[in-house]
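Trainee: Mind looking over this structure? Questions follow.
The values are calculated or read from the model by the stated rules, or taken from the named source; none is laboratory data. These numbers were taken from a predicted model, which means no experiment stands behind them. Cβ sites come from the backbone with ideal geometry, for glycine too, and all protein chains shown count toward neighbours. The protein model used for the area step is the full one, side chains on, heavy atoms only, and it has no ligands, DNA or RNA in it. Shrake-Rupley method; radii C 1.70, N 1.55, O 1.52, S 1.80 Å.
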Amino acid sequence: MTVGTANDLLESARGVLTDVVALRRDLHRHPELGLQLPRTQSAVLDALDGLPLTITRGDTVTSVVADLEGGASGPVVLLRADMDALPMPEDTGLDFASEVSGAMHACGHDAHTAMLVGAARVLGDRRDELTGTVRFMFQPGEEGFHGARSMIEEDVLREVELAFALHVTPNLPSGLVGTRSGPIMASADVLDIRVTGRGGHASLPHLANDPIPVAAEIVTALQTFVTRRINPFDPAVVTITKIRAGTTNNVIPEHVDLTGTLRAVSDATRTQALTGIERVATGIAAAHDMLAEVTVTRGYPPTVNHPGPVELLAQVVRDTLGARRYVEMPAPLMGAEDFSYVLQQCPGAIAFLGVCPPEVDAATAPACHSNRMMIDEAAMAAGVATYAGLALAGLTGTA
């Protein structure tokens, strides 16, 4: 991209911002969950109507894939936006707050979708500048439903040579873009541990075998395991988030159920931690003449950015938004992303777009997945321009 083109992109993005905000608010009012998002899919298709795109709908999921073919043949660059919401209430007080009980766009996917539509409009006006194809990937089911994997199975990565995604965050000042090379987000596995003892009367514990203190011992031992056996420079996080046991005050239950999560930023540490969790749980239970059964539900793998695309992204942000708008993140986040599946198969990167409302301190702003999460919608112009800039730069082969 030339400097002139880069500066023009931000102005073009500001030119479509009103429509981008309107689409985002419409999606925010009507959140949908999981892999089947019929209303959201319809809204995206309506917003793309009239653009010079070849559009494909998903067969098994309500995805949208839209190809913008340039004036000359060349590579395929993919830009992704996720579309699904979270199963949680909204307490923002916004006049366009969710109208669906128990569902909220608390992770910014409404903004991602609207920004990618905006980028399609900006790039549609520059079709003759494209030396290749831009593929717009509108994905359902990011929030734990492996939507990216479903779309990969339906061939969304066909001929793709480079892939990018943006994710908004209220914990970065508005308009900044941050990323890093290498691991940027963690894997996410669900842990279920059942500790089985022997039930009995609470006044006669010696005639029973109480699993509650043993379960508590396992919880604390897992924290010791992580801090003493896992390399702190290749970290893992184990958090037990739910403990279920018992029925009343004078009955020792037969079993205790623990539920939690494991996060890791490398496959090696992920494997080491999963092995260690089972060893700790079963060993402590056996020491007390009990059984512990550990069940792991595998989640997303670590999200690992590729160096070349990160360098390209950094240059696009500096050229398009300004030299001080790019931030190199010092460490990965322990959240997870199913864009990891895309990055396992082709070069690319994901970056975070700061959307902290101007009146709020980014360090204390309600984060993604908060029932009070809000964004500075003006920052969406930066997201539109960045998406568009990545497509134009990626098609030059400079990645």
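Residue by residue, here is whether (1) part of a helix (DSSP H, G or I); (2) surrounded by fewer than 16 Cβ atoms within 10 Å (Cβ to Cβ); (3) touching a Lys or Arg at 6+ places or on another chain (Cβ under 6 Å); (4) touching a residue at least 12 places away in the same chain (Cβ under 8 Å) holds:
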| residue | (1), (2), (3), (4) |
| --- | --- |
| ASP8 | yes, no, no, no |
| ALA13 | yes, no, no, yes |
| GLY34 | no, no, no, yes |
| SER73 | no, yes, no, yes |
| VAL77 | no, no, no, yes |
| THR92 | no, no, yes, yes |
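Trainee: To continue, here is another question. Does HIS167 satisfy being within 24 Å of ARG39 (Cβ to Cβ), in contact with a strand residue (DSSP E or B) (Cβ under 6 Å, 6 or more places away or on another chain) and part of a helix (DSSP H, G or I)?
Mentor: no
Trainee: Would you confirm, using the coordinates I've provided, whether ASP155 is without any contact (Cβ under 8 Å) to a residue 60 or more places away in the chain and surrounded by fewer than 24 Cβ atoms within 10 Å (Cβ to Cβ)?
Mentor: In short, yes.
Trainee: Within the range 202-215, restricting attention to residues that are of a type outside the set (Val, Ile, Thr) and open to solvent by 50 Å² or more (accessible area, probe 1.4 Å), which residue is nearest to THR239 (Cα to Cα)?
Mentor: Step by step, filter the range 202-215, then rank; the result is PRO213.
Trainee: Oh, and also: Across the range 348-399, which residue is least open to solvent (accessible area, probe 1.4 Å) among those that are of a type outside the set (Val, Ile, Thr) and without any contact (Cβ under 8 Å) to a residue 24 or more places away in the chain?
Mentor: ASP361
Trainee: In the set THR282, THR297, THR259, THR275, which member is of a type outside the set (A, V, I, L, M, F, W, C), under 20 Å from the mean Cα position of the chain (by Cα) and more than 30 Å from GLU328 (Cα to Cα)?
Mentor: THR297
Trainee: Write out, first by first residue and then by second, each pair whose Cβ atoms fall under 6 Å of each other, whose residues are 6+ apart or on separate chains, and whose first residue, in the range 234-248, is without any contact (Cβ under 8 Å) to a residue 24 or more places away in the chain and more than 19 Å from PRO183 (Cβ to Cβ) while the second is among the small types (Gly, Ala, Ser) and open to solvent by 60 Å² or more (accessible area, probe 1.4 Å).
Mentor: none
Trainee: Let me ask something else. Pull up the range 306-347, narrow it to residues that are part of a strand (DSSP E or B) and touching a Gly at 6+ places or on another chain (Cβ under 9 Å), then point me to the one that is surrounded by the fewest Cβ atoms within 10 Å (Cβ to Cβ).
Mentor: Taking the candidates together, the pick is GLU328.
Trainee: Can you tell me which of (1) over 27 Å from the mean Cα position of the chain (by Cα); (2) more than 30 Å from THR247 (Cβ to Cβ) is the one PRO205 doesn't meet?
Mentor: Going through the list (1) over 27 Å from the mean Cα position of the chain (by Cα); (2) more than 30 Å from THR247 (Cβ to Cβ), PRO205 breaks only (2).
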